[in-house]
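K.L.:
One structure coming up, written as structure tokens, with questions to follow.
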Amino acid sequence: MENEIEIPKPPTILLKKGKQKYMQITNMLVEEGKWKPGDDIALSALCINYQRWMQAEKAIKKHKELCFETETGYRQQIPEISIANNAMKSMLSFIKEFALTPRERAKLKELIVNDTDDEEMEDMIVK
């Protein structure tokens, strides 16, 4: 098949869950005809942040305590909370780029429906 898209393999730095998420999203995007060369870079970043988020959440669950007391008596949150929060924020920004949230899919669908009858918009895109 001449138009068959070659899907890059997941990066080796991903663990099992990250690789599974990479392949799941990649296959979905390919099936929907939305996969483009270079998407692997952003998808890798999304999956790395997904993996980091899952690891941090697992550590939080294992630790059970959200705070600890320093030598000076100051109560401080465990570092895994910041790691989880930062990874989640990054992950969610990439999820939006791939229109993987219900809201983004609805916006995309609305754009497609509204633009199908708009010849002027189509002419601008072609140029």
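The values are calculated or read from the model by the stated rules, or taken from the named source; none is laboratory data. This is a predicted model, so every value here is computed, not measured. For neighbour counting, all protein chains shown are included, and Cβ atoms are generated from backbone atoms with ideal geometry for every residue, glycine included. To get the accessible areas, we keep the full protein, side chains included, count just its heavy atoms, and leave off ligands, DNA and RNA. Shrake-Rupley method; radii C 1.70, N 1.55, O 1.52, S 1.80 Å.
K.L.:
With respect to the numbered conditions (1) more than 19 Å from Ile5 (Cβ to Cβ); (2) modelled with pLDDT of 90 or more; (3) outside any loop (DSSP other than H, G, I, E, B), which one is the sole condition not fulfilled by Thr72?
P.N.:
Failed condition: (3).
K.L.:
Are any of the residues in segment 9-21 β-branched (Val, Ile, Thr), closer than 29 Å to Ala99 by Cβ and part of a helix (DSSP H, G or I)?
P.N.:
no
K.L.:
If Asp117 satisfies every condition in (1) surrounded by 11 or more Cβ atoms within 10 Å (Cβ to Cβ); (2) at pLDDT below 90; (3) assigned to a loop (DSSP other than H, G, I, E, B) but one, which is the exception?
P.N.:
The number of the failed condition is (1).
K.L.:
All but one of (1) open to solvent by less than 70 Å² (accessible area, probe 1.4 Å); (2) closer than 30 Å to Lys9 by Cα; (3) touching a residue at least 24 places away in the same chain (Cβ under 8 Å) hold for Ser82; which doesn't?
P.N.:
(3)
K.L.:
Inspect all residues belonging to segment 2-14 and state whether any of them is farther than 23 Å from Asn85 by Cβ, at pLDDT 90 or above and hydroxyl-bearing (Ser, Thr, Tyr).
P.N.:
Within segment 2-14, one or more residues are farther than 23 Å from Asn85 by Cβ, at pLDDT 90 or above and hydroxyl-bearing (Ser, Thr, Tyr).
K.L.:
Another question, if that's okay. Filter segment 17-53 for residues that are surrounded by fewer than 17 Cβ atoms within 10 Å (Cβ to Cβ), of a type outside the set (D, E, K, R) and touching a helix residue (DSSP H, G or I) at 6+ places or on another chain (Cβ under 7 Å) and give the result.
P.N.:
Listed by number, the residues that qualify are Ala42, Ala45.
For every residue, the table says whether it meets (1) in contact with a Gly (Cβ under 7 Å, 6 or more places away or on another chain); (2) at positive phi; (3) of a type outside the set (A, V, I, L, M).
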| site | (1), (2), (3) |
| --- | --- |
| Ile5 | no, no, no |
| Pro11 | no, no, yes |
| Asn27 | no, no, yes |
| Gly38 | no, yes, yes |
| Cys47 | yes, no, yes |
| His63 | no, no, yes |
| Thr72 | no, no, yes |
| Asn85 | no, no, yes |
| Lys89 | no, no, yes |
